[in-house]
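The values are calculated or read from the model by the stated rules, or taken from the named source; none is laboratory data. Just so we're clear, the structure is a prediction, and the values are computed from it rather than from any experiment. So basically every Cβ, Gly included, is an ideal-geometry build from the backbone, and we count neighbours across all protein chains shown.
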Protein chains: 2
Amino acid sequence: MDVQTAGEESTITYQQLTDMEREFDDVETDILRYQVRRQLPLFERRHKLISEIRGFWPLVMEQAPPDIDEYIQPSDSNLLVTALTSLYVTHFEAEDGDPRSVAIRFEFDENEYFEDRVIEKKFWHRTSKDGWTGFVSEPVDIKWKEGKDLTEGLLGLAKALWDEEQAAGANGAGSKGKELTPNQKALKDKIEAIGLGGLSFFAWFGYRGPKVSAEESKLATKEEKERRERRGAGEEVSTPKNDDDDEDDEEEEFEIFPSGDQLALAIAEDLWPSAIKYFNQAQEDDALSDASFEDFDDEAGLSQVDSDEDERPSKKRKA
Amino acid sequence: MDVQTAGEESTITYQQLTDMEREFDDVETDILRYQVRRQLPLFERRHKLISEIRGFWPLVMEQAPPDIDEYIQPSDSNLLVTALTSLYVTHFEAEDGDPRSVAIRFEFDENEYFEDRVIEKKFWHRTSKDGWTGFVSEPVDIKWKEGKDLTEGLLGLAKALWDEEQAAGANGAGSKGKELTPNQKALKDKIEAIGLGGLSFFAWFGYRGPKVSAEESKLATKEEKERRERRGAGEEVSTPKNDDDDEDDEEEEFEIFPSGDQLALAIAEDLWPSAIKYFNQAQEDDALSDASFEDFDDEAGLSQVDSDEDERPSKKRKA
C-alpha cells in the first residue's frame, strides 16, 4: 500500500517505512552491544565504589522516577529501605545473543519478610513469528516468612503454574477448550479476589510475558530479515498476519504483573545507569530537610555536585 | 568531603562519585561517536526515502512531542505546514571533535514569510572552565518579508548584537561597568516590551548560550580529565570554583530563546531519529478523523504498522 498524504499518493509504501525502521533497530542492537562492552568495566568499578556506601540503593529507590515508584507500596518501601543492599543489571546475552536481554539481581540483608538473600529475574528479548518484540521472563519464587507474603500468595501460584506448564511440556501447554488445571483455577480465582491494583512491587517477579521460545525468536528474526532483503531487492513479499489473538489473551489471563516488561526496562535503562544521579538527589533532599542539623559546608558541597548534574544536557538517546 | 548516609560516614567522597560519572560521560561520548558512524548511511537512505513523501515533515511537526510542540505558535504552524520540505540533523564534529555537537538544517518552499530556502543552526557542545557543559550557538538571521517577521524584530536584533560583539573582539565583549551599546539597548528594550512568552519557534534561531570558545572548552576538558586522573592516583586535587556568576547573568540578558539548547536536544535526539514513528502516528490520526472518507483497507494497513510500533519496548537510553 502506498503512502498517501494531503490527497497525493506517493511511490513509497508503508512497508518501505517499516523496513527502514527495522534496519535502524538492527543497527541499534549493534550499538547497544558496543555500549554494553564499553560500559561493563565502569559498572563493575561503580559497583565496588557504591557498595561502600551504606544505604546507597535504598536512597536510589526512594528517588525512583514515577514509572518505577508507582509500583512501590508502603510495605515494599519499608522492606527495601531496611534490607536492600545491592542491585545489579547484566546484559547477559550481549556477546552471543540479544544485547537487549537483561538480568536484574537484588541482594538483601536478613529481614522480616523473606529468607532469600539474592533474588534475580531474567528478561529475554524475543521476537515472535507474528511480529511481536519484547521481554519474556519466568516467575521467580520468593521464600516468604510466615504471614509476610507481600503478594498474598499470587507469586507462589504464578510460579507453581509455570512449573506445571514446564513439566507438561509443549503438549500440555495452553488450556484452549480444556478445563482449567487446579493451579490455573487457583491463580485465576486469586486474581479475581484481590485484583491487581496496588499490588506489591514483588509481584513483578511473577511476570512472564508472551510465550516465545528462543527457537521461535531466532527463526522469526531470520525470516523477517530475509523478507526485508527480498523486498529491498524489488520482490513483492508480504508479512505474515497475526491471527492468534485468542492465544495471546489466554496467556495474559495468568499474568500477575502485566506491565512487568515496562518496569524491567525502567530499571535497566534508567534507574541502573543513573543511580548516582538519583543518589545525589536523595542526598540533596536530605540536606534540605535536615538543614538545621547538618553543617553548611556539607550542603554547599552537595549542591555543587548537583548543579553540575543539572547543567549537563540530557544524554537520552530516543528511538 | 565524605559521603554520609543514615548518620554513618563512608570512606567514599562525593568527588569520587562525580569522577565516576565523568568517566561514564567520556565513554558515552565514544559510544555516541560509534552510533553516529553506524547510523549515518541509514539516515541518508531514510532522507532519500521520505523526500518522496509530500508533507512528511509537516506531519511529523504536527505530532511533535510537548517539549517541541510548546514552542510552535499557530503562525509558525501555518508556515511549517505549507512550506517545510526537509529537516536534516548532522553530528558535524563526530569524527574530529565532540560527537554531541549538532547542525539542524531546515529547507523551505517559497512562502509568504521569508526569502530563505535553507536555514541551518549549529550547536557546539562545549565545556567551560567553571564546569558548565552544554550547547553554545550563534544567532542565525532570517530574511523576513515585509511585515512578516514572526519574531517581531527580536531575531534581527540578536543577530546584529552578535555581529557587533564579534567585530569588537574579546576586548570589547561584555558591558560590565560600561554603558549599553545601541544594539544592546535596543534588544533589551524589545525583550522588555514584548516579553519572551508565546514567542515564535523561529526566535530559537537566535539562541546563543554561554560564551565558551572552542579553545576554552578543549583546555577545560583536558584539565578536568587530568585532575580526575590525579585524584584516581590518590592525590588531593580540588575542582576550581565557579566565581563569575555575574558574567553569566549578563550573558543571559541578551538571550532571546533561553531554552534553545533544550529544544535543539529534543529535535536532534527525539524528533529526528523517531520521525517515521511520528509520521505514522500522524497518518493514524488522519485515518481516524477521516474514517468516512478514506477506504478501510488503508486504515487496516496503517493500524497494523502502528501496533507493531507500540509493542516494541522503548529504546530510550537514559543517562
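Have a look at A:Ile119, A:Ile191 and point out the one that is in contact (Cβ under 8 Å) with a residue 60 or more places away in the chain, touching a strand residue (DSSP E or B) at 6+ places or on another chain (Cβ under 9 Å) and outside any loop (DSSP other than H, G, I, E, B).
A:Ile119
Tally up the residues in the stretch B:271-289 that are over 19 Å from A:Ile12 (Cα atoms) and more than 10 Å from chain A (Cβ to nearest Cβ), please.
Matching residues across the stretch B:271-289 total 3.
Mind listing whichever residues of the stretch A:5-21 are surrounded by fewer than 17 Cβ atoms within 10 Å (Cβ to Cβ) and more than 7 Å from every other protein chain (Cβ to nearest Cβ)?
A:Gly7, A:Glu9, A:Thr13
Report yes if A:Gly209 is of a type outside the set (A, V, I, L, M), assigned by TED's automatic domain parsing to the domain that holds A:Glu252 and at pLDDT below 95, otherwise no.
No: the conditions fail for A:Gly209.
Have a look at A:Ala186, A:Ala203 and point out the one that is surrounded by 18 or more Cβ atoms within 10 Å (Cβ to Cβ) and in a helix (DSSP H, G or I). Spell out the reasoning first.
On the way: A:Ala186 fails: surrounded by 18 or more Cβ atoms within 10 Å (Cβ to Cβ).
Matching residue, one of A:Ala186, A:Ala203: A:Ala203.
Assuming B:Arg100 fulfils every condition listed in (1) more than 11 Å from chain A (Cβ to nearest Cβ); (2) closer than 17 Å to B:Phe135 by Cα apart from one, which condition is it?
(1)
Would you say B:Arg105 is within 14 Å of chain A (Cβ to nearest Cβ) and in contact with a strand residue (DSSP E or B) (Cβ under 9 Å, 6 or more places away or on another chain)? Give the steps one after another, and end with the answer.
Working: within 14 Å of chain A (Cβ to nearest Cβ): no; in contact with a strand residue (DSSP E or B) (Cβ under 9 Å, 6 or more places away or on another chain): yes.
No, not satisfied.
For residues that are free of Cβ contacts under 8 Å to residues at least 40 places away in the same chain and at the interface with chain B (Cβ under 8 Å from one of its Cβ atoms), tally how many sit in the stretch A:54-67.
2
Somewhere in the stretch A:252-270, is a residue assigned by TED's automatic domain parsing to the domain that holds A:Ala160, surrounded by fewer than 20 Cβ atoms within 10 Å (Cβ to Cβ) and at pLDDT below 90?
yes
Do we have any residue at all in the stretch A:61-73 that's within 24 Å of A:Glu110 (Cβ to Cβ) and among the β-branched types (Val, Ile, Thr)?
Taking every residue of the stretch A:61-73 in turn, at least one turns out to be within 24 Å of A:Glu110 (Cβ to Cβ) and among the β-branched types (Val, Ile, Thr).
Might you check whether a residue that is at pLDDT below 90, in a helix (DSSP H, G or I) and either closer than 28 Å to B:Ser101 by Cα or under 18 Å from the mean Cα position of the chain (by Cα) (or both) occurs anywhere in the stretch B:142-165?
No, every residue in the stretch B:142-165 fails to be at pLDDT below 90, in a helix (DSSP H, G or I) and either closer than 28 Å to B:Ser101 by Cα or under 18 Å from the mean Cα position of the chain (by Cα) (or both).
Quick one: A:Ala94 ticks every box in (1) within 13 Å of chain B (Cβ to nearest Cβ); (2) under 28 Å from B:Phe43 (Cβ atoms); (3) touching a residue at least 60 places away in the same chain (Cβ under 8 Å); (4) of a type outside the set (Phe, Trp, Tyr) bar one, so which box is it?
(1)
Check the stretch A:20-39 and report whether any residue there is of a type in the set (A, V, I, L, M) and under 30 Å from B:Tyr14 (Cα atoms).
As a first pass, look at the stretch A:20-39 and keep what is of a type in the set (A, V, I, L, M): A:20, A:27, A:31-32, A:36.
Checking which are under 30 Å from B:Tyr14 (Cα atoms) leaves us with A:32, A:36.
Yes, the conditions are met somewhere in the stretch A:20-39.
Restricting to the stretch A:9-36, what's the tally of residues that are assigned to a helix (DSSP H, G or I) and in contact with a helix residue (DSSP H, G or I) (Cβ under 7 Å, 6 or more places away or on another chain)?
Residues that pass the stated criteria total 16.
Find the residue count for the stretch B:37-75, including only residues that are over 30 Å from B:Asp149 (Cβ atoms) and either polar (S, T, N, Q) or not in a helix (DSSP H, G or I) (or both).
3
Could you give me the residue pairs with C-beta distances under 6 Å whose first residue belongs to the stretch B:28-39 and is within 13 Å of B:His125 (Cβ to Cβ) and within 7 Å of chain A (Cβ to nearest Cβ), whose second residue is buried (at least 19 other Cβ atoms within 10 Å of the Cβ) and modelled with pLDDT under 95 wherever it lies, and which are 6+ apart or on separate chains?
B:Glu28/A:Lys315
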